[in-house]
Amino acid sequence: MEKLIIKGGNKLEGNIAISGAKNAALPIVMASLIGEGRSFLDNIPRLRDIDNLVKILEALGAKVDYKGNSLDIDSDSVNLLEVPYKLARKMRASYYALGALLARYGQAATTLPGGCEIGSRPIDLHLKGFKALGAEVTIEHGLVEIKGENLKGAKIYLDYPSVGATLNIMMAAVKAEGKTIIENSAREPEIIDLANYLNVMGAKVKGAGTDIIRVEGVKKLKGTDYTIIPDRIEAGTYMMMAAITGSNLYIDKVLVEHVKPLIAKLKEMGVGVEEDIGGVRVIGNKNFKSVDVKTLPYPGFPTDMQAQFMALLTQAKGSSMVIETVFENRFGHADELKRMGADIKIDGRTAMVKYTPLSAASVKATDLRAGAALILAALVAEGETEIRDIYHIERGYEDIVNKLQGVGVDIKKVSE
Ligand code: EPZ
């Protein structure tokens, strides 16, 4: 096992380039199975999650070449319509295979994804959508099987604007006969990215990015070239690292539109933010003030930035309230931050945060974004912080040690 050692106190300077979005790449890579022939996907981040997805595609029979930040996928040799258990268990996003294989082959199966550190993560809304399109869903011994040769367009109302359900149902609907309407759909930028890719393959998806998505079924989709959007959560994480250390840092290749909720919050705290077409400059200072934050579906403040923002709030003057409305158990980072001296009180989905100086400790990442929060804290903690279970962090942050060393952070990865 490996761990990170970070010596606090350095400022960040220069610029950090943002990689492709993990949460856009995962559904788009799976959606390539719907297009006949080859797809060439660019700006794919080099992450453990993508490695696992490539293994799943190969297990299904697709030919995949993962070179640098590009994926060359030929789906025509797919000969299995069930994701192997051991691969599905390692990879929640394997459930995107359901929508993709159902659209192309009228059949799909994978293990029912278990919960994870941040919540039970049910997929009832995904299955509700498949059933509405006329598919037959059976769950036995933890295996979800979907059958639906001739899907018919339907009107589907999502009880909650679930990102995964919106993506999965959109994929399942692209070849369903007639019109499908997904109401109360999620509006995240990753939804728009998948819709754009599907449309370049020949689908007819309209309204992605709004709360009503309309799909008109087509006969066939053809593989194509596509470039993934930059990762707004990675970008936000580095913006918050600049803010917590009072640094002047340029974050390159970020779509400013996608990080507006965070920019608004940073400005409210008195942190300088300058936007230009290609990126964002954060002009930090050490006297930023406390603010309250509530996580909401896009375009609200993203739950995926909540842990990092809480670490930032431990250094804000005054006291702040953090409300997590999306997941039922996403404060795992609070206990680890308290080991570094943070003053955080949790009551259900609400956390109260007060300023205290932080000191280095040995801590562990409990999930992907919690790990990122611990890096933020370590950047300003007095002494050398040791972060374990960094495989969580490497799931979502391409090349993070080199990127941080490149802007002056005293960070190294060592084996336990
Ligand atoms: C996606 O998860 C992201 N993962 C998450 O990012 C992100 O936190 C989340 O969207 C919200 O933005 C990927 O894109 C791979 P949801 P997803 O379905 O699709 C409930 C990260 O750190 N729900 O919008 O699972 C669910 O329990 C990860 O990169 C149902 O009740 O999120 C949760 O409370 C973490 N039934 C809420 O909706 C369903 O059928 C939001 O879940 C589906 C979801």
Going by the conditions given, is V401 in the same structural domain as A242 (by TED's automatic domain parsing) and more than 12 Å from the ligand (Cβ to nearest atom)? yes
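Just to be sure, is L98 touching a Ser or Thr at 6+ places or on another chain (Cβ under 7 Å) and in contact (Cβ under 8 Å) with a residue 60 or more places away in the chain?
Values: touching a Ser or Thr at 6+ places or on another chain (Cβ under 7 Å): yes; in contact (Cβ under 8 Å) with a residue 60 or more places away in the chain: yes.
So L98 fits the description; yes.
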Within region 222-273, the count of residues that are part of a helix (DSSP H, G or I), over 23 Å from G406 (Cα atoms) and of a type in the set (G, A, S) comes to 1
Can you name every residue in region 296-339 that is among the polar types (S, T, N, Q) and more than 12 Å from the ligand (Cβ to nearest atom)? T314, Q315, S319, S320
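Filter region 274-298 down to the residues that are more than 22 Å from A351 (Cα to Cα), of a type outside the set (S, T, N, Q) and in a loop (DSSP other than H, G, I, E, B) and list them by number.
Of region 274-298, the ones more than 22 Å from A351 (Cα to Cα) are 274-286.
Next cut, of a type outside the set (S, T, N, Q) only: 274-284, 286.
Listed by number, the residues that qualify are I277, G278, G284, K286.
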Mind checking whether some residue in region 102-112 is part of a strand (DSSP E or B), in the same structural domain as K219 (by TED's automatic domain parsing) and open to solvent by 10 Å² or more (accessible area, probe 1.4 Å)? yes
Is there a residue being among the small types (G, A, S), in contact with a helix residue (DSSP H, G or I) (Cβ under 6 Å, 6 or more places away or on another chain) and within 13 Å of the ligand (Cβ to nearest atom) anywhere in region 98-118? yes
In region 201-217, the residues that are open to solvent by 20 Å² or more (accessible area, probe 1.4 Å) and in contact with a strand residue (DSSP E or B) (Cβ under 6 Å, 6 or more places away or on another chain): G202, K204, K206, G207, I212, R214, E216, G217
So which residues in region 371-406 are closer than 14 Å to E234 by Cβ, out of contact with any helix residue (DSSP H, G or I) (no Cβ under 7 Å at 6 or more places or on another chain) and not in a helix (DSSP H, G or I), if there are any at all? E398, D399
For region 82-97, give me each residue that is more than 16 Å from the ligand (Cβ to nearest atom) and open to solvent by less than 40 Å² (accessible area, probe 1.4 Å). P84
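Out of region 136-158, which residues are away from the ligand (no atom under 15 Å from the Cβ), in a loop (DSSP other than H, G, I, E, B) and either open to solvent by less than 60 Å² (accessible area, probe 1.4 Å) or touching a Phe, Trp or Tyr at 6+ places or on another chain (Cβ under 7 Å) (or both)? Step through it out loud before you land on a result.
We begin by selecting, within region 136-158, every residue away from the ligand (no atom under 15 Å from the Cβ); these are 136, 138, 140-143, 145, 147-155.
Now narrow it down to the ones that are in a loop (DSSP other than H, G, I, E, B): 141-142, 148-151, 153-154.
Result: G142, G148, L151, G153, A154.
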For D292, indicate whether it is more than 9 Å from the ligand (Cβ to nearest atom) and open to solvent by 10 Å² or more (accessible area, probe 1.4 Å). yes
Any residue in region 281-307 that's within 28 Å of N23 (Cα to Cα): show its pairings with residues that are within 9 Å of the ligand (Cβ to nearest atom) and among the charged types (D, E, K, R) at Cβ separation under 7 Å, as long as the two are six or more apart or on different chains. Y298/E188; T303/R330; D304/R369; Q306/R330; A307/R369
Hey, among I251, I233, which residue is closer than 18 Å to D399 by Cβ, open to solvent by less than 30 Å² (accessible area, probe 1.4 Å), more than 16 Å from the ligand (Cβ to nearest atom) and β-branched (V, I, T)? I251
Determine the pairs where a residue that is closer than 10 Å to Y226 by Cβ and of a type in the set (V, I, T), located within region 23-42, has a partner that is within 16 Å of the ligand (Cβ to nearest atom) and assigned to a loop (DSSP other than H, G, I, E, B) with Cβ atoms under 7 Å apart, the partner being 6 or more residues away or on another chain. I28/I228
Specify which of the listed residues (V363, V322, V353) is buried (at least 24 other Cβ atoms within 10 Å of the Cβ), farther than 29 Å from K253 by Cβ, assigned by TED's automatic domain parsing to the domain that holds A242 and free of Cβ contacts under 8 Å to residues at least 40 places away in the same chain. V363
Just name the residue that is nearest to I28 (Cα to Cα) out of those in region 162-177 that are more than 7 Å from the ligand (Cβ to nearest atom) and surrounded by fewer than 24 Cβ atoms within 10 Å (Cβ to Cβ). K175
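The values are calculated or read from the model by the stated rules, or taken from the named source; none is laboratory data. All of these numbers come straight from a predicted model, not from anything done at the bench. Methodologically, a virtual Cβ is constructed for each residue, glycine included, from the backbone with ideal geometry; neighbour enumeration extends over all protein chains shown. In case anyone asks, the SASA skips ligands and DNA or RNA and just uses the protein heavy atoms, side chains included. Shrake-Rupley method; radii C 1.70, N 1.55, O 1.52, S 1.80 Å.
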